[in-house]
1. What residue among Tyr95, Gly172, Gln146 has its Cα farthest toward the positive end of the dipole of the chain, where the charges are +1 on Lys, Arg and -1 on Asp, Glu, each on the Cβ?
2. Mean separation of Cα pairs under 8 Å and 6+ residues apart, divided by the residue count of the range 24-116: what relative contact order is that in percent?
3. Dipole magnitude of the chain about its Cα centre, charges +1 at Lys/Arg Cβ and -1 at Asp/Glu Cβ only, in debye to the nearest 20?
4. With charges only on Cβ, +1 for K and R and -1 for D and E, what is the dipole size of the range 124-212 about its Cα centre, in debye, rounded to 20?
5. Calculate, in nm to one decimal, what Ser46 and Ser126 gain on full extension: separation in residues at 0.36 nm each, minus their alpha carbon distance.
6. Looking at Thr134, Val111, Leu60, which one has the Cα that reaches farthest to the positive end of the dipole of the chain (charges on Cβ: Lys, Arg +1; Asp, Glu -1)?
7. Please arrange Tyr188, Tyr95 by how many other C-beta atoms lie within 10 Å of their C-beta, fewest to most.
8. Just the Cα atoms of the range 67-214, one point each, no solvent: what log10 I(q)/I(0) does Debye give at q = 0.15, 0.17, 0.22 Å⁻¹?
Amino acid sequence: MASALTVLLLGCWLAGHSGVWGQPSYPKPTISGIPSEGVSLGGSVSIWCKGQHQTVQFMLYKDGRHNGSVDSDSQALFLINIVSREQGGNYSCSYRSRSGPFTMSDPSNPVELVVRDPSLPGPSISLSPTGVVTSGADVTIRCQGQRRDVRFFVHKAEDQNPQQNMDPAGDGAEFRIPSVGRQHGGSYSCSYRPPSEPFVSSQPSDTVELVVAG
């Protein structure tokens with residue numbers, strides 16, 4: 001049987017995450033401002049958190065750990081002036097009422113902050129087949145780097161997070177898109193990350209354009 005102290009601690013945890021003893025929590029906020037292609041080492045990034053209530057306190061989390069708080073009305077800015085390798089990670093935010101500390105939102109969806117290291121040159125990228133591709137065809141994106149001990153990522157312009165990642169067989173990796181449709185059309189690039197630093201990235205490759213015929 002659980003001790004009275006265990007039951008009390010569990011009750012406090014539930015209150016802090018689900019409103020005051022069962023009351024609904026605030027809707028989760030949105031988080032934005034982190035570029036999907038990453039931030040250059042030594043650069044800056046503005047992380048915006050936007051909620052649906054006024055006069056609240058916003059909290060920023062990195063890899064699930066509290067990373068700062070701002071009192072604000074409906075949205076808050078968290079600024080990182082000089083980005084270091086250690087600041088790469090998964091970021092999310094939440095907010096709570098300043099007058100009711102147990103009324104708290106669910107956390108936002110997480111967003112990756114990837115730090116681009118200028119000492120890691122970008123890989124090359126190619127499409128097969130080239131030119132305009134017929135809808136339903138299979139397309140392969142090939143990324144080729146200069147190191148063998150890395151993981152490759154493929155990025156589609158305007159998407160928040162990398163589309164795919166793959167451990168290479170050698171110094172390159174192939175990403176297959178089976179039966180392409182119009183939704184797959186767009187600009188693609190690739191990058192790679194050392195396995196020892198999962199949020200440190202190479203410079204991006206040049207872009208290639210995937211054009212899908214109707």
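1. Towards the positive end, the residue furthest out is Tyr95.
2. 38 percent
3. With Lys and Arg at +1 and Asp and Glu at -1, about 320 debye.
4. Values: 8 positive and 10 negative charges, 16 e Å.
With only Lys, Arg, Asp and Glu charged at Cβ, the dipole is about 80 debye.
5. On the way: separation 80, 0.36 × 80 = 28.80 nm, distance 3.26 nm.
Roughly 25.5 nm would be gained on extension.
6. About the Cα centre, the residue reaching furthest to the positive side is Leu60.
7. Taking fewest neighbouring Cβ atoms as first place, the list is Tyr188, Tyr95.
8. Relative scattering, expressed as log10 I(q)/I(0), comes to -0.84, -0.96, -1.31.
FYI, it's all coordinate maths here, none of it is from the lab. Predicted model, so just to flag it, every value in this text is computed and none were measured. Note that we place each Cβ from the backbone using ideal geometry, even for glycine, and neighbour counts take in every protein chain shown.
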